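Visitor: Here it is: the structure, laid out below.
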Amino acid sequence: MDLAVGVYELSRRLPKHETYGLAGQLQRAAVSVRANIAEGHTRHGLAEYLHFVSIARASLAEVETYLELIPRLGYVAQDETRQLLDLAASVSRQLVALRDGLSSTRTGGKPA
């Protein structure tokens, strides 16, 4: 959730002509990370949960890509996206740990 909030705050600083382009894509991807975790958690099967965790990881990769692109386009300084990229890296580690934990449950505690 902190990543999504940070993304929305950053998006407000992007040029108006990016409102429905880059800003919108970035916001949707950031919200999708948490939304897919939540949706997967409510599913009945472990395989479905793992699928939604995978989608969350893909959305996170999309967020990271946009956060790297924004300074290259000159919209903000690179150090202004660094905190969000660090937060995204932390979320990525958490998603991998979640995936590995769920996979371990699925295989009876044996490595997947």
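Visitor: Does GLU48 meet the test of being of a type in the set (Asp, Glu), part of a helix (DSSP H, G or I), under 15 Å from ALA89 (Cα atoms) and out of contact with any Cys (no Cβ under 7 Å at 6 or more places or on another chain)? First the steps, then the outcome.
Guide: On the way: of a type in the set (Asp, Glu): yes; part of a helix (DSSP H, G or I): yes; under 15 Å from ALA89 (Cα atoms): no; out of contact with any Cys (no Cβ under 7 Å at 6 or more places or on another chain): yes.
No: the conditions fail for GLU48.
Visitor: Out of (1) of a type in the set (A, V, I, L, M, F, W, C); (2) surrounded by fewer than 17 Cβ atoms within 10 Å (Cβ to Cβ); (3) closer than 20 Å to MET1 by Cα, the odd one out for ALA77 is which?
Guide: Unmet for ALA77, out of (1) of a type in the set (A, V, I, L, M, F, W, C); (2) surrounded by fewer than 17 Cβ atoms within 10 Å (Cβ to Cβ); (3) closer than 20 Å to MET1 by Cα: (3).
Visitor: Which of the residues that make up segment 59-107 are assigned to a helix (DSSP H, G or I) and aromatic (Phe, Trp, Tyr)? Before the answer, list the steps.
Guide: At the first step, the residues of segment 59-107 found to be assigned to a helix (DSSP H, G or I) are 59-72, 78-106.
Residue satisfying the conditions is TYR66 alone.
Visitor: Could you list, in sequence order, all residues of segment 6-27 that are in a helix (DSSP H, G or I) and exposed (fewer than 12 other Cβ atoms within 10 Å of the Cβ)? Quick ask: steps written out before the conclusion?
Guide: The first filter runs over segment 6-27 and keeps only residues in a helix (DSSP H, G or I), leaving 6-11, 16-18, 22-27.
Across segment 6-27, the qualifying residues are GLU9, LYS16, HIS17.
Laboratory data are not the source of any read-out in this text; all were calculated from the coordinates shown. Because the structure is a prediction, the values reported are computed rather than measured. Backbone-built Cβ (ideal geometry, glycine too); neighbour counts: all protein chains shown.
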